[in-house]
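Enquirer: Dumping the structure here so I can ask a few things about it.
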Amino acid sequence: MTLYTPRRFAAPTTDDAVALMRAYAFVTLVTATRGEPAVTHLPLLWAAGGEFGTLSGHMARANPHWQQFGQGSTLAIFHGPHAYISPSWYVQPEREVPTWNYATVHAHGVPELIEARDDKLALIDRSVAAFEAGNTPPWTRALDGERLEAMLSQIVAFHLPIAHIDAKFKMNQNRTAADRARVVARLEATRHPELQAMADWMRSHESH
């Protein structure tokens with residue numbers, strides 16, 4: 001499961017890939033087996049450790065996906081900002097064709113189940129803290145006792161040590177500085193959050 005990445009569109013550094021994984025935590029998790037691949041959509045937290053870090057998350061115990069961990073490679077696909085790019089935004093639109101800018105990271109590894117009850121609960125609390133960070137006031141867990149234990153029994157938590165990363169930042173690096181500047185300006189002018197995010201990422205990587 002190799003990501004086609006022309007050299008000019010490769011993420012400049014591992015830090016750039018990590019920044020995307022931390023900013024866009026909702027992933028497509030794919031485990032390849034001899035039969036049909038297992039696919040689940042879920043959030044994963046990145047933490048330092050090893051060469052590329054470790055991802056952690058959980059899924060419903062009723063989801064058969066986790067039972068396939070270890071039967072094949074597992075891939076976490078992080079979907080960063082993306083945007084349609086119109087030829088009309090370039091300096092010479094009559095010579096161009098449409099394209100799509102996007103940034104994505106593919107993180108490969110073999111998941112390891114979190115068996116200990118306290119470790120599983122610690123991951124849940126860490127996930128809540130991370131995703132409640134923008135909420136005022138942030139929600140904190142009050143659930144305890146039998147109901148908490150019942151809910152913990154219904155999920156499977158895991159770590160995914162990242163063995164290697166493919167990262168593709170397709171952001172008009174093949175265009176002139178003038179074209180890139182015009183694209184950024186048009187994306188910003190839309191006032192659409194997703195398109196403005198792409199403009200921000202293009203600007204922050206314009207020196208690469």
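The values are calculated or read from the model by the stated rules, or taken from the named source; none is laboratory data. The shown structure was predicted, so the numbers you read here are calculated from the model rather than taken from an experiment. All Cβ positions, glycine included, derive from the backbone under ideal geometry; neighbour counts span all protein chains shown. Heads up: the accessible areas ignore ligands, DNA and RNA and are worked out on the full protein's heavy atoms, side chains in. Shrake-Rupley method; radii C 1.70, N 1.55, O 1.52, S 1.80 Å.
Enquirer: Please tell me if VAL91 is at pLDDT 95 or above, touching a Pro at 6+ places or on another chain (Cβ under 9 Å) and β-branched (Val, Ile, Thr).
Expert: Spelling it out, it is not the case that VAL91 is at pLDDT 95 or above, touching a Pro at 6+ places or on another chain (Cβ under 9 Å) and β-branched (Val, Ile, Thr).
Enquirer: So which of HIS205, HIS164 ends up being closer than 25 Å to VAL105 by Cβ, open to solvent by 80 Å² or more (accessible area, probe 1.4 Å) and in contact (Cβ under 8 Å) with a residue 12 or more places away in the chain?
Expert: Values: HIS205 fails: open to solvent by 80 Å² or more (accessible area, probe 1.4 Å).
When all the criteria are applied, what remains is HIS164.
Enquirer: I'm told ASN172 meets every condition in (1) in a helix (DSSP H, G or I); (2) in contact (Cβ under 8 Å) with a residue 40 or more places away in the chain except one. Can you identify the failing condition by its number?
Expert: Answer for ASN172: the failing condition is (1).
Enquirer: Right, something else. Is one or more of the residues making up region 102-114 at negative phi, modelled with pLDDT of 95 or more, in a strand (DSSP E or B) and among the hydroxyl-bearing types (Ser, Thr, Tyr)?
Expert: Scanning region 102-114 turns up at least one residue that is at negative phi, modelled with pLDDT of 95 or more, in a strand (DSSP E or B) and among the hydroxyl-bearing types (Ser, Thr, Tyr).
Enquirer: Go through (1) exposed (fewer than 13 other Cβ atoms within 10 Å of the Cβ); (2) touching a strand residue (DSSP E or B) at 6+ places or on another chain (Cβ under 7 Å); (3) within 22 Å of ALA48 (Cα to Cα) and name the single condition TRP100 misses.
Expert: (3)
Enquirer: Are any of the residues in region 131-154 polar (S, T, N, Q), closer than 22 Å to LEU44 by Cβ and modelled with pLDDT of 95 or more? If you could, list the steps in order and put the result at the bottom.
Expert: Initial filter on region 131-154 (polar (S, T, N, Q)): 135-136, 140, 153-154.
This time we only want the ones that are closer than 22 Å to LEU44 by Cβ, so: 135, 140, 153-154.
If we keep only those that are modelled with pLDDT of 95 or more too, we end up with 153-154.
Taking every residue of region 131-154 in turn, at least one turns out to be polar (S, T, N, Q), closer than 22 Å to LEU44 by Cβ and modelled with pLDDT of 95 or more.
Enquirer: Please work out which one of (1) over 30 Å from THR14 (Cβ atoms); (2) of a type in the set (D, E, K, R); (3) part of a helix (DSSP H, G or I); (4) without any contact (Cβ under 8 Å) to a residue 40 or more places away in the chain is the condition ASP125 fails and give its number.
Expert: (1)
Enquirer: State the number of residues belonging to region 176-192 that are out of contact with any strand residue (DSSP E or B) (no Cβ under 9 Å at 6 or more places or on another chain), basic (Lys, Arg), touching a residue at least 24 places away in the same chain (Cβ under 8 Å) and open to solvent by 50 Å² or more (accessible area, probe 1.4 Å). Spell out how you get there, then give the answer.
Expert: At the first step, the residues of region 176-192 found to be out of contact with any strand residue (DSSP E or B) (no Cβ under 9 Å at 6 or more places or on another chain) are 176-182, 184-185, 188-189, 191.
Now restrict to residues that are basic (Lys, Arg): 180, 182, 191.
From the residues that got through so far, the ones that are touching a residue at least 24 places away in the same chain (Cβ under 8 Å) too are 180, 182.
Those left that are additionally open to solvent by 50 Å² or more (accessible area, probe 1.4 Å): 182.
Going through region 176-192 one residue at a time, the tally reaches 1.
Enquirer: For region 59-68, how many residues meet the condition of being touching a helix residue (DSSP H, G or I) at 6+ places or on another chain (Cβ under 8 Å) and either more than 16 Å from SER153 (Cα to Cα) or open to solvent by less than 70 Å² (accessible area, probe 1.4 Å) (or both)?
Expert: Narrowing region 59-68 to residues touching a helix residue (DSSP H, G or I) at 6+ places or on another chain (Cβ under 8 Å): 59, 61.
Keeping just the survivors that are either more than 16 Å from SER153 (Cα to Cα) or open to solvent by less than 70 Å² (accessible area, probe 1.4 Å) (or both) gives 59.
Residues in region 59-68 being touching a helix residue (DSSP H, G or I) at 6+ places or on another chain (Cβ under 8 Å) and either more than 16 Å from SER153 (Cα to Cα) or open to solvent by less than 70 Å² (accessible area, probe 1.4 Å) (or both): 1 in total.
Enquirer: Can I ask one more? Give me the strands (runs of 3 or more DSSP E) completely within region 17-58, filtered to those with at least 2 residues that are open to solvent by 20 Å² or more (accessible area, probe 1.4 Å), of a type in the set (Phe, Trp, Tyr) and more than 15 Å from SER127 (Cα to Cα), ordered by residue number. If you could, list the steps in order and put the result at the bottom.
Expert: Working: elements: 26-31, 38-43, 45-47.
Strands (runs of 3 or more DSSP E) meeting the threshold: none at all.
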